[in-house]
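Novice: Got a structure here, written out as structure tokens. Questions coming.
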Amino acid sequence: MVKMLGKRIRLFRSRSIWVRKVVQLFFLVLIALIAVNHTLAESGKGWSWLSNASLHALCPFGGVVTLYTFITSGLLVQKIHSSSLVLMGLGVLLAVLFGPVFCGWVCPLGTVQEWVAGLGRRLLRRRYNHLVPAKLDRVLRYARYLVLAWVVYVTAVSGTLVFSAYDPYFALFNFWSGEVAPTALVILGATLLLSLAIERPWCKYACPYGAFQGLFNRIRVFSIRREPSTCRACSLCTTQCPMNIPVDTLTVVRDHQCISCLECTSEATCPAAATVTFSTGGKR
Amino acid sequence: MSLNSKILAVVVVVVLFGGIAVSTTLGWWATESTKTPAAYTEGDFAGQANPADIRGSYTFGDVSRAFDIPAATLAQAFGVTAEEPDTFALKDLETLYVDSPVEIGTASVRLFVACYRGLPYDLATAAETYVPASAAAVINAEGQPTAEQRAWLETHTAPATAPTPATTEGTAAPVETAAPEPVATPGAATEDSATRIKGRTTFGELLDWGVSQAAIEEIIGGPLPDPAMKVKDYATAQGLNFETLKLALQAAVDNQVRP
């Protein structure tokens, strides 16, 4: 709680991973400022104390799509720089250790979707994030792998960043620049609109980088683990999961959609101490 | 071993910023082009600059330094008569050749450099790339193209079109010298340029020019995409040859213009 204009305002839910929200806000503000600085720098202005790198240079997915070209010819795809490969490497390191923390803690598009979700939750209450029929939802969750395969293929064939014409993340931080394709703006608008009914729709169904990061859920060192002996079977962990993973039926979460937000753990939602934890497989 | 959220937050931030710091120290972190193309990694030309890595942000001066081609020669080849050709950015070529029936841009410079110096280049990736007739003339007069590159030039030389005066002050001016003899390009030069399909032509423009949705769908073999989508982007996304698709669509456009 903070006191503003004489009123006490609650910034975070009483039991939520507030430090994650702080980290998300930090990266969103940082990327937004760099994107603005990039535009200013093109007209000879800009802040010298801040990077004016292009958004492509700061996107780890650029490293993934240029990998084929880099391995086969030693070159990078147009508009991609070595920074993207470095960020891809750091993203992989984090994912091997902790799963897709980049999605849950860093990605600004995920953050914006979560903010819109707050509004959606108020509008739809318990129906929020439970509107897509389970069978359809299960199939659609794999669509992002088709997107990943398509993006990697067309980038390798064309040597250009074809995906930027569809990328809502690029549109979010460049809509003022005139560089954004109308298709990307439409996809961004659709993503934000859908976020009123579904939590993180882009991440769940279409994000190719989320698909790539999700693969590491199978081998990650630290995982979400549930201790059945102390579990009260209240299902709060499942209810609270933004990605609709049935945590209460699992002992170790290896689902490819987990974003390591920790909202299901005993530190946040689970009412039983040390029951849902973020841990390795050894003794606690 | 368990981790709580605060420790995870610290680890995430430290790994990302620490990783960037370490990679900067090692010289791996670059967020913009160094203006030095990557080198060939194998073959007889290993260690030499590879024209395939020339970027749109390069100037004629950057290309000149990397490949030892005078900036004045590059300017002559691409019809740029700026007072200081050294500072002319390759990405401005598309604006300069806005009325060209085929796209002249950074890829054209890559091919020009490869042909001028006789450097290896994967011509299979250059099916949709063209160089201006003036560039072909420079290559034929001064360059060292391989036999394969010479054959490629014969079918990938754009018809002579004088560049449009650049709107950016001091970057370029219209060509004043006589353009070299045009080299025939399939379906080029004779049609009305207002209804000529170019790299930036959208499906919406095709509809505006009178081509029916059914005719477009028959040619592309699928449903009409977003009208705002460029035909070239569609071809790339579908793995189709842009030139082949363009010729088929251009025929449909011409049928509407001159039935």
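The values are calculated or read from the model by the stated rules, or taken from the named source; none is laboratory data. Note that the structure is predicted; figures quoted are calculated from it, not measured. Cβ placement follows ideal geometry from the backbone for every residue including glycine, while neighbour counts extend to all protein chains displayed.
Novice: Which one of these does A:ALA211 not meet: (1) surrounded by fewer than 22 Cβ atoms within 10 Å (Cβ to Cβ); (2) of a type in the set (A, V, I, L, M); (3) within 14 Å of the chain's Cα centre (by Cα)?
Specialist: (1)
Novice: Is it true that some residue in segment A:201-208 is modelled with pLDDT under 95 and either within 18 Å of the chain's Cα centre (by Cα) or crowded, with 20+ Cβ neighbours inside 10 Å (or both)?
Specialist: Within segment A:201-208, not a single residue is modelled with pLDDT under 95 and either within 18 Å of the chain's Cα centre (by Cα) or crowded, with 20+ Cβ neighbours inside 10 Å (or both).
Novice: Quick check, is A:VAL157 touching a Phe, Trp or Tyr at 6+ places or on another chain (Cβ under 8 Å), part of a helix (DSSP H, G or I) and not small (Gly, Ala, Ser)?
Specialist: The answer is no for A:VAL157.
Novice: With the requirement that a residue be among the aliphatic types (A, V, I, L, M) and touching a residue at least 40 places away in the same chain (Cβ under 8 Å), what does segment A:136-186 give you?
Specialist: A:LEU140, A:ALA143, A:VAL147, A:LEU148, A:VAL151, A:VAL152, A:ALA156, A:LEU161, A:LEU172
Novice: Taking segment A:39-86 as the region of interest, how many residues are out of contact with any Gly (no Cβ under 6 Å at 6 or more places or on another chain), facing chain B (nearest Cβ under 10 Å), at pLDDT 90 or above and assigned to a helix (DSSP H, G or I)?
Specialist: 5
Novice: Further question on the same structure: For A:GLY189, indicate whether it is free of Cβ contacts under 8 Å to residues at least 60 places away in the same chain, part of a loop (DSSP other than H, G, I, E, B) and in the same structural domain as A:VAL92 (by TED's automatic domain parsing).
Specialist: no
Novice: Among what's in segment B:106-143 and is aromatic (Phe, Trp, Tyr) and assigned to a loop (DSSP other than H, G, I, E, B), pick the residue that is nearest to A:LEU75 (Cα to Cα).
Specialist: B:TYR121
Novice: Run down B:SER23, B:SER2 and say which single residue is surrounded by 13 or more Cβ atoms within 10 Å (Cβ to Cβ), touching a strand residue (DSSP E or B) at 6+ places or on another chain (Cβ under 9 Å) and at the interface with chain A (Cβ under 7 Å from one of its Cβ atoms).
Specialist: Being surrounded by 13 or more Cβ atoms within 10 Å (Cβ to Cβ), touching a strand residue (DSSP E or B) at 6+ places or on another chain (Cβ under 9 Å) and at the interface with chain A (Cβ under 7 Å from one of its Cβ atoms) holds for just one of B:SER23, B:SER2, which is B:SER2.
Novice: Could you tell me whether any residue of segment A:179-192 is buried (at least 22 other Cβ atoms within 10 Å of the Cβ), away from chain B (no Cβ under 14 Å) and farther than 30 Å from A:LEU40 by Cα?
Specialist: no
Novice: If you go through segment A:244-257, how many residues are part of a loop (DSSP other than H, G, I, E, B) and surrounded by fewer than 24 Cβ atoms within 10 Å (Cβ to Cβ)?
Specialist: Final tally of qualifying residues: 9.
Novice: I've got another one for you. Going by the structure shown, is B:GLU94 more than 9 Å from chain A (Cβ to nearest Cβ), surrounded by fewer than 16 Cβ atoms within 10 Å (Cβ to Cβ) and not basic (Lys, Arg)?
Specialist: Numbers: more than 9 Å from chain A (Cβ to nearest Cβ): yes; surrounded by fewer than 16 Cβ atoms within 10 Å (Cβ to Cβ): no; not basic (Lys, Arg): yes.
The answer is no for B:GLU94.
Novice: Among A:LEU90, A:LEU94, which is within 10 Å of chain B (Cβ to nearest Cβ), in contact with a Pro (Cβ under 9 Å, 6 or more places away or on another chain), in a helix (DSSP H, G or I) and buried (at least 24 other Cβ atoms within 10 Å of the Cβ)?
Specialist: A:LEU94
Novice: Modelled with pLDDT under 95 and either among the charged types (D, E, K, R) or more than 28 Å from A:GLY120 (Cα to Cα) (or both): does that describe A:ALA268?
Specialist: Considered against the rule, which asks whether it is modelled with pLDDT under 95 and either among the charged types (D, E, K, R) or more than 28 Å from A:GLY120 (Cα to Cα) (or both), A:ALA268 comes out as no.
Novice: Additional query: Looking at B:GLU103, B:GLU83, can you tell me which residue is farther than 26 Å from A:VAL77 by Cβ, more than 10 Å from chain A (Cβ to nearest Cβ), assigned to a loop (DSSP other than H, G, I, E, B) and touching a residue at least 24 places away in the same chain (Cβ under 8 Å)?
Specialist: Only one candidate qualifies: B:GLU83.
Novice: OK, next. Write out, first by first residue and then by second, each pair whose Cβ atoms fall under 6 Å of each other, whose residues are 6+ apart or on separate chains, and whose first residue, in segment B:86-99, is on the phi < 0 side of the Ramachandran plot and in the same structural domain as B:ARG110 (by TED's automatic domain parsing) while the second is part of a loop (DSSP other than H, G, I, E, B) and modelled with pLDDT of 85 or more.
Specialist: Qualifying pairs under 6 Å: B:PHE88/B:VAL80; B:LEU90/B:TYR58; B:LEU93/B:ILE104; B:LEU93/B:GLY105; B:GLU94/B:GLY105; B:TYR97/B:ILE104.
Novice: Let me ask another. Any residue in segment A:225-242 that is among the hydrophobic types (A, V, I, L, M, F, W, C), at positive phi and at pLDDT below 95?
Specialist: Restricting attention to segment A:225-242, the residues satisfying the condition of being among the hydrophobic types (A, V, I, L, M, F, W, C) are A:231, A:233-234, A:236-237, A:241.
If we keep only those that are at positive phi as well, we get A:233.
Next cut, at pLDDT below 95 only: A:233.
Yes, segment A:225-242 has at least one match.
Novice: Select from segment B:213-246 the residues that are assigned to a helix (DSSP H, G or I) and of a type in the set (Gly, Ala, Ser) and write down the one among them that is surrounded by the fewest Cβ atoms within 10 Å (Cβ to Cβ).
Specialist: B:ALA214
Novice: If you check A:SER177 against the conditions, is it modelled with pLDDT under 90 and assigned by TED's automatic domain parsing to the domain that holds A:LEU58?
Specialist: Yes, satisfied.
Novice: Then there is this: Any residue in segment B:54-68 that is at the interface with another protein chain (Cβ under 7 Å from one of its Cβ atoms) and without any contact (Cβ under 8 Å) to a residue 24 or more places away in the chain?
Specialist: The answer is no, given that none of the residues of segment B:54-68 is at the interface with another protein chain (Cβ under 7 Å from one of its Cβ atoms) and without any contact (Cβ under 8 Å) to a residue 24 or more places away in the chain.
Novice: Still on this structure, please answer the following. Got a number for residues in segment A:101-125 being closer than 21 Å to A:THR239 by Cβ and either of a type in the set (A, V, I, L, M, F, W, C) or within 14 Å of chain B (Cβ to nearest Cβ) (or both)?
Specialist: If we filter segment A:101-125 for residues that are closer than 21 Å to A:THR239 by Cβ, which is where we start, we get A:103-104, A:110, A:113-125.
Now restrict to residues that are either of a type in the set (A, V, I, L, M, F, W, C) or within 14 Å of chain B (Cβ to nearest Cβ) (or both): A:103-104, A:110, A:115-117, A:119, A:123-124.
Going through segment A:101-125 one residue at a time, the tally reaches 9.
Novice: Filter segment B:26-46 down to the residues that are more than 7 Å from chain A (Cβ to nearest Cβ) and either aromatic (Phe, Trp, Tyr) or under 19 Å from A:ILE31 (Cβ atoms) (or both) and list them by number.
Specialist: B:TYR40, B:PHE45
Novice: Which residues, taken from segment A:140-176, are basic (Lys, Arg) and either buried (at least 21 other Cβ atoms within 10 Å of the Cβ) or under 26 Å from A:THR39 (Cβ atoms) (or both)? Quick ask: steps written out before the conclusion?
Specialist: Of all residues in segment A:140-176, those basic (Lys, Arg) come to A:141, A:144.
If the condition is that a residue be basic (Lys, Arg) and either buried (at least 21 other Cβ atoms within 10 Å of the Cβ) or under 26 Å from A:THR39 (Cβ atoms) (or both), then A:ARG144 is the only one that fits.
Novice: In segment A:211-219, is there at least one residue being without any contact (Cβ under 8 Å) to a residue 40 or more places away in the chain and in a helix (DSSP H, G or I)?
Specialist: There is at least one residue in segment A:211-219 that is without any contact (Cβ under 8 Å) to a residue 40 or more places away in the chain and in a helix (DSSP H, G or I).
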